[in-house]
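Chemist: Let me give you the structure first, and then I'll get to my questions.
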Amino acid sequence: MKTTSLLILLLFCLGLQAQPNFITNVDHRTNTSLGGKWKYIIDQYSTGAIGFSPLYENKSPKDKTDRVEYSFDDAQSLWVPGSWNSQKDELYYYEGSMWFRKTFDYQPKLKNSRVFIYVGAANYKTQYSFNGKKLGEHEGGFTPFSFEVTDLIREKDNFVILGVNNRREPDYIPGMVTDWYNHGGITRDVKLIEVPQTFIDDFTVSLNKESLTAKEKAIDGNVVLNGKDFPADATVTIPELGISQTVKIDAEGEGTFSLKTKKLELWSPENPKLYTINISAGEDQLTDEVGFRTIETKGKQILLNGQPIFLRGISIHDENPIRRDRANSVDDAKLLLGWAKELGCNFARLAHYPHQENMVRQADKMGILLWEELPLYWGIDWKSDQVLENAKRQYAEIIHRDKNRAATIIWSIANETSPGTDRNRFLGAVADYVRELDSTRLLSAACKKDLAVDGHPDNDYLVSDPIAEKLDVVSFNEYIGWYGGAPEESRKKTFIIAYDKPVIISEFGGGAIQGFHGDSTTRWSEEYQEYMYKENIAMFERVPGLSGMTPWILVDFQSPLRQLPNVQDGWNRKGLVSETGQKKKAFYVLQEYYKTKQTAAR
Ligand code: GCB
């Protein structure tokens, strides 16, 4: 059965709603940015969509007797993409609803096209409408959505209105408390996309694992068309490999293919080789740059292209500290991944939610492997079936967006969640679901660890979280030296891993104010953090099956949990780089360690 048919059947069996409803690969389609200044109206009581005259109608008084109690025309503006908190002091602490309006004229770039509006992300719930018609709602602050406006768009005076609400709720993902800033608003690009009446909605490609050792490699994939009157076939070409193959399109507009090649250069951090792939079907053509590699585990090893690899990683938040905003551009991605490269990383954990697509595409180009995750983080309502459906939908969305990126090797399904009947059932269902959607990547989670009952109870840790049964890689966070004990206590600790699987230390670290110096026992000094890194790294070297680490964290980041005056001032200070881009001493400790790992492995 074809992957998409299987997906639809699976979604049906699981009682889920439709597949992700957005167009992928938007930068390679005919698009027009709707970024820039958008008018906004604050809606503190979230009543803008109800009552006599909902805001999405965008009314103005017809005559002097008419009553309209809002005005987009006279409202102030905010920049899109961008969080509201980062743009105006008076909005820094605002959590609630806001209505955004963009007006524009439309000159089609394609003839007889269909038109969609694509939103890269808006945090957290968004009601979307076009030219006064309410079209739908999207939940989730970090994944894209798009909606069709073909029948509504006109030459002059179009208006798109997005009502965005970033209130936190116990049954949302994430829940009520997170250690990062709750940036509200339209945080990523909005674009107008034009496609032919029947268009290439999506395609998937990956290197067939079984063919890795064969002379002739196979690249498997599928094409999905959208529209009416599907052409009998599509064509897939990879010019550099001399491949051009005709693909039969069935009655549902889908076709599968397997391309054979003897010349393939595999993608790896040392050689992040991307190939241009072109697909054409009827009037539509779509292109992309794709890398081909395999990823699997064998016992306690992670194998990239069949070879063991040590993942020299770092955790990263999707925030540009200098602009104090969500990252939202290629430059932002280059800034963050550039620091990671300088550290000697071949791997990054994109914590704790889907990052902007530019991050993933840049990682593909720069040769940085990725761990991606959803905010299944502290305080999730595990009992709720609705929350489970939401988690599955958000996973389907991020997989839909990033499935063709060679850089992404791990989907992580949770961070620091405590085992229990409801949590285990919930995460078990998520693990099965993610694996069904994407069997070409590894699953992990930042698992729970306990003090061992036997042995030396104060010093031996046991990682036996039942959810790890379902995972390929066992990961855990460990903050000895910061949240418990002095750094040198690391010397006494041992780790017992209950699974014969590779291990990633998904977090460790401690805070330091860049430029503050003391001895290695002085909290918040660069020397304390430096000392802690040395002690921690020596300890983790003793973890059986250690296959990588993603210390916490690359850069200081904004968090409402971190309010110590003159030290934190609203910033989590565990960064190796300060919020102004200055490196702390511990940066160089990790850099040195990664140099030794680079020469030891591969
Ligand atoms: C953790 C969390 C991370 C926090 C970090 C900290 O374990 O996973 O989100 O930011 O600790 O700084 O305490």
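The values are calculated or read from the model by the stated rules, or taken from the named source; none is laboratory data. From a predicted model like this one, the values you see are computed outputs, not experimental measurements. Glycine gets a Cβ as well: all are built from the backbone with ideal geometry, and neighbour counts include every protein chain shown. Side chains are part of the model used for accessible areas, which takes the heavy atoms of the whole protein and leaves out ligands, DNA and RNA. Shrake-Rupley method; radii C 1.70, N 1.55, O 1.52, S 1.80 Å.
Chemist: Which residues, counting only those in the range 503-546, are open to solvent by less than 10 Å² (accessible area, probe 1.4 Å), away from the ligand (no atom under 16 Å from the Cβ) and out of contact with any helix residue (DSSP H, G or I) (no Cβ under 7 Å at 6 or more places or on another chain)?
Modeler: VAL503, SER525, VAL543
Chemist: Checking TYR93 against (1) within 16 Å of the ligand (Cβ to nearest atom); (2) open to solvent by 20 Å² or more (accessible area, probe 1.4 Å); (3) aromatic (Phe, Trp, Tyr), only one condition comes out false. Which one?
Modeler: Unmet condition: (1).
Chemist: Mind checking which residues of the range 115-128 are among the polar types (S, T, N, Q), more than 14 Å from SER146 (Cβ to Cβ) and open to solvent by less than 20 Å² (accessible area, probe 1.4 Å)?
Modeler: Step one: filter the range 115-128 for residues among the polar types (S, T, N, Q), giving 123, 126-127.
Those still in the list that are more than 14 Å from SER146 (Cβ to Cβ) too: 123, 127.
The answer is ASN123, and nothing else.
Chemist: Among the numbered criteria (1) β-branched (Val, Ile, Thr); (2) open to solvent by less than 20 Å² (accessible area, probe 1.4 Å); (3) at pLDDT below 95, which single criterion is violated by VAL80?
Modeler: Going through (1) β-branched (Val, Ile, Thr); (2) open to solvent by less than 20 Å² (accessible area, probe 1.4 Å); (3) at pLDDT below 95 one by one, VAL80 breaks only (3).
Chemist: Right, VAL223: within 21 Å of the chain's Cα centre (by Cα), crowded, with 19+ Cβ neighbours inside 10 Å and assigned to a strand (DSSP E or B) or not?
Modeler: On the way: within 21 Å of the chain's Cα centre (by Cα): no; crowded, with 19+ Cβ neighbours inside 10 Å: yes; assigned to a strand (DSSP E or B): yes.
Against the criterion (within 21 Å of the chain's Cα centre (by Cα), crowded, with 19+ Cβ neighbours inside 10 Å and assigned to a strand (DSSP E or B)), VAL223 does not qualify.
Chemist: Something else now. For the range 547-586: of the residues being hydroxyl-bearing (Ser, Thr, Tyr) and either more than 30 Å from VAL463 (Cα to Cα) or outside the structural domain of ARG349 (by TED's automatic domain parsing) (or both), which is farthest from the ligand (Cβ to nearest atom)?
Modeler: Pass one, the range 547-586, residues hydroxyl-bearing (Ser, Thr, Tyr): 547, 550, 559, 578, 580.
Subset that is either more than 30 Å from VAL463 (Cα to Cα) or outside the structural domain of ARG349 (by TED's automatic domain parsing) (or both): 578, 580.
Values: SER578: 15, THR580: 19 Å.
In this case the residue turns out to be THR580.
Chemist: Right, here's the next one. Working carefully through the options TYR377, TYR433, TYR461, TYR395, find the one that is of a type in the set (Ser, Thr, Tyr) and within 19 Å of PHE495 (Cβ to Cβ).
Modeler: Numbers: TYR377 fails: within 19 Å of PHE495 (Cβ to Cβ); TYR433 fails: within 19 Å of PHE495 (Cβ to Cβ); TYR395 fails: within 19 Å of PHE495 (Cβ to Cβ).
Every option except TYR461 fails the conditions.
Per-residue answers, yes or no, for (1) outside any loop (DSSP other than H, G, I, E, B); (2) touching a residue at least 40 places away in the same chain (Cβ under 8 Å):
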site	(1), (2)
ILE496	yes, yes
TYR499	no, no
GLY509	no, yes
PHE516	no, no
TYR528	yes, yes
GLN563	no, no
LYS574	no, yes
THR580	no, yes
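Chemist: Quick check on my filter: what residues within the range 145-183 are within 16 Å of the ligand (Cβ to nearest atom), among the aromatic types (Phe, Trp, Tyr) and out of contact with any Pro (no Cβ under 8 Å at 6 or more places or on another chain)?
Modeler: Looking only at the range 145-183, we keep the residues that are within 16 Å of the ligand (Cβ to nearest atom), and these are 168, 173-183.
Filter once more, so that each one left must be among the aromatic types (Phe, Trp, Tyr): 180-181.
If the condition is that a residue be within 16 Å of the ligand (Cβ to nearest atom), among the aromatic types (Phe, Trp, Tyr) and out of contact with any Pro (no Cβ under 8 Å at 6 or more places or on another chain), then TRP180 is the only one that fits.
Chemist: Any residue at all in the range 64-82 that is assigned to a strand (DSSP E or B) and in contact with a Leu (Cβ under 9 Å, 6 or more places away or on another chain)? Reasoning before the result, please.
Modeler: Our first condition is that a residue be assigned to a strand (DSSP E or B); within the range 64-82, this holds for 77-80.
Narrowing further to those that are in contact with a Leu (Cβ under 9 Å, 6 or more places away or on another chain): 78, 80.
Taking every residue of the range 64-82 in turn, at least one turns out to be assigned to a strand (DSSP E or B) and in contact with a Leu (Cβ under 9 Å, 6 or more places away or on another chain).
Chemist: Spot the failing condition for GLU254; the list is (1) assigned by TED's automatic domain parsing to the domain that holds ARG114; (2) over 30 Å from GLN568 (Cα atoms); (3) among the charged types (D, E, K, R), and only one is missed.
Modeler: (1)
Chemist: Here is a follow-up. From the list GLY485, GLY481, which one is in the same structural domain as ILE302 (by TED's automatic domain parsing), in contact (Cβ under 8 Å) with a residue 40 or more places away in the chain and on the phi > 0 side of the Ramachandran plot?
Modeler: On the way: GLY485 fails: in contact (Cβ under 8 Å) with a residue 40 or more places away in the chain.
Of the residues listed, the single one that is in the same structural domain as ILE302 (by TED's automatic domain parsing), in contact (Cβ under 8 Å) with a residue 40 or more places away in the chain and on the phi > 0 side of the Ramachandran plot is GLY481.
Chemist: Among residues belonging to the range 468-485 that are open to solvent by 10 Å² or more (accessible area, probe 1.4 Å) and part of a helix (DSSP H, G or I), point out the one that is nearest to the ligand (Cβ to nearest atom).
Modeler: Per the stated criteria, the residue is LYS470.
Chemist: Check the range 412-434 and report whether any residue there is in a loop (DSSP other than H, G, I, E, B) and open to solvent by 60 Å² or more (accessible area, probe 1.4 Å). Talk me through it step by step, then tell me what you get.
Modeler: Initial filter on the range 412-434 (in a loop (DSSP other than H, G, I, E, B)): 416-420.
Still in the list and also open to solvent by 60 Å² or more (accessible area, probe 1.4 Å): 416, 418.
There is at least one residue in the range 412-434 that is in a loop (DSSP other than H, G, I, E, B) and open to solvent by 60 Å² or more (accessible area, probe 1.4 Å).
Chemist: Where residues in the range 86-117 are farther than 27 Å from VAL26 by Cα and part of a loop (DSSP other than H, G, I, E, B), which of them is farthest from the chain's Cα centre (by Cα)? Spell out the reasoning first.
Modeler: Taking the range 86-117 as the starting set, the residues that turn out to be farther than 27 Å from VAL26 by Cα are 88-97.
Adding the requirement that they be part of a loop (DSSP other than H, G, I, E, B) leaves 88, 92-96.
Working: LYS88: 26, TYR92: 24, TYR93: 24, TYR94: 24, GLU95: 22, GLY96: 23 Å.
For the range 86-117, the residue satisfying everything is LYS88.
Chemist: Next up: Restricting to the range 333-356, name every residue that is in a helix (DSSP H, G or I) and open to solvent by less than 10 Å² (accessible area, probe 1.4 Å).
Modeler: Restricting attention to the range 333-356, the residues satisfying the condition of being in a helix (DSSP H, G or I) are 333-343.
If the condition is that a residue be in a helix (DSSP H, G or I) and open to solvent by less than 10 Å² (accessible area, probe 1.4 Å), then ALA333, LEU336, LEU337, ALA340, LEU343 are the ones that fit.
Chemist: Of THR297, THR287, THR246, which residue is of a type outside the set (Lys, Arg), open to solvent by 60 Å² or more (accessible area, probe 1.4 Å) and part of a strand (DSSP E or B)? First the steps, then the outcome.
Modeler: Values: THR297 fails: open to solvent by 60 Å² or more (accessible area, probe 1.4 Å); THR287 fails: open to solvent by 60 Å² or more (accessible area, probe 1.4 Å).
The unique qualifying residue is THR246.
Here is a yes/no grid of residues against (1) open to solvent by 30 Å² or more (accessible area, probe 1.4 Å); (2) in contact (Cβ under 8 Å) with a residue 40 or more places away in the chain:
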residue	(1), (2)
GLY140	no, yes
PHE145	no, yes
GLU148	yes, no
ARG154	yes, yes
ILE161	no, yes
ARG167	yes, yes
MET176	yes, yes
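Chemist: Another question, if that's okay. Would you check if there is a residue in the range 448-461 being within 16 Å of the ligand (Cβ to nearest atom), open to solvent by less than 10 Å² (accessible area, probe 1.4 Å) and of a type outside the set (Val, Ile, Thr)? Even if it seems obvious, please write down each step before you answer.
Modeler: Filtering the range 448-461 down to residues within 16 Å of the ligand (Cβ to nearest atom) leaves 448-450, 461.
Imposing the further condition that a residue be open to solvent by less than 10 Å² (accessible area, probe 1.4 Å) reduces the set to none.
Checked the range 448-461: no residue is within 16 Å of the ligand (Cβ to nearest atom), open to solvent by less than 10 Å² (accessible area, probe 1.4 Å) and of a type outside the set (Val, Ile, Thr).
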